[in-house]
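To keep things clear, I will list the structure first and then write my remarks on it.
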């Protein structure tokens, strides 16, 4: 039992650390996204005689991808730590399926954050690439969302009986 308490304590510490790092990286992503989309990329499109906007969009895209990747790593670690922590506190089968639901929901949120942060800059680089990235985000998001949707439909069907 002492080992379980130590493991739960370790998961709690990892959850706090990962979540804090996730929020910091997400905040940095948001600041770059805001300054890039609201100031620098539109201003670069006003420069006459050059096609500077795709280049500036690419620079901000690279900077955002760096922070998004770090945020996704920490976010995934935080979701997994939360699921392990919650699983150690509950041994019921119903709780295990709920934790799978929470885990997939966390992954869907991470995919959506990555998509929202990167798609506008890819669109400034080339609209076709923006469309491809949008389709990829939708496909990846749906692959995590399908178990959530299936569980929701099963719940709704069982309520009607």
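Every number in this text was worked out from the coordinates using simple rules, so none of it is lab data. What you see is a predicted model, and the numbers here were worked out from it, not measured in a lab. Ideal geometry is used to build each Cβ from the backbone, glycine not excepted, and the neighbour counts take in all protein chains shown.
Entry note, the chain: relative contact order of 26 percent, from Cα contacts under 8 Å with a spacing of 6+ residues. Can you give the angle from 0 to 90° between the axis of helix 2-35 and the longest principal axis of the chain, with both taken from C-alpha atoms, to the nearest 10? Helix 2-35 sits roughly 20 degrees off the main axis of the chain.
Once you have the Cα-Cα distance between residue 17 and residue 69, take 0.36 nm times their residue separation minus that, and quote the gain in nm to one decimal.
Values: separation 52, 0.36 × 52 = 18.72 nm, distance 1.66 nm.
The span from residue 17 to residue 69 would gain 17.1 nm if fully extended.
Taking every DSSP helix (H) stretch of at least 4 residues in the chain, weighting each as -39,500 (n - 2.57) and dividing the sum by the residue count yields a mean residue ellipticity at 222 nm of -31500 deg cm²/dmol.
Using the Cβ-Cβ distance between residue 128 and residue 52 with R0 set to 25 Å, the FRET efficiency works out to roughly 0.80.
Rule-of-thumb check for the chain: C-alpha Rg over 2.2 N^0.38 Å?
Working: Rg = 20.1 Å, N = 161, 2.2 N^0.38 = 15.2 Å.
Cα-based Rg divided by the globular estimate yields 1.32.
Arrange the peptides 124-134, 68-78 so that the one whose residues have, on average, the most other Cβ atoms within 10 Å appears first. Please list the in-between numbers first.
Values: 124-134: 15.2, 68-78: 19.5.
With the highest mean Cβ count within 10 Å placed first, the list reads 68-78, 124-134.
The stretch 8-73 and the stretch 110-158 have their alpha-carbon centroids 18 Å apart.
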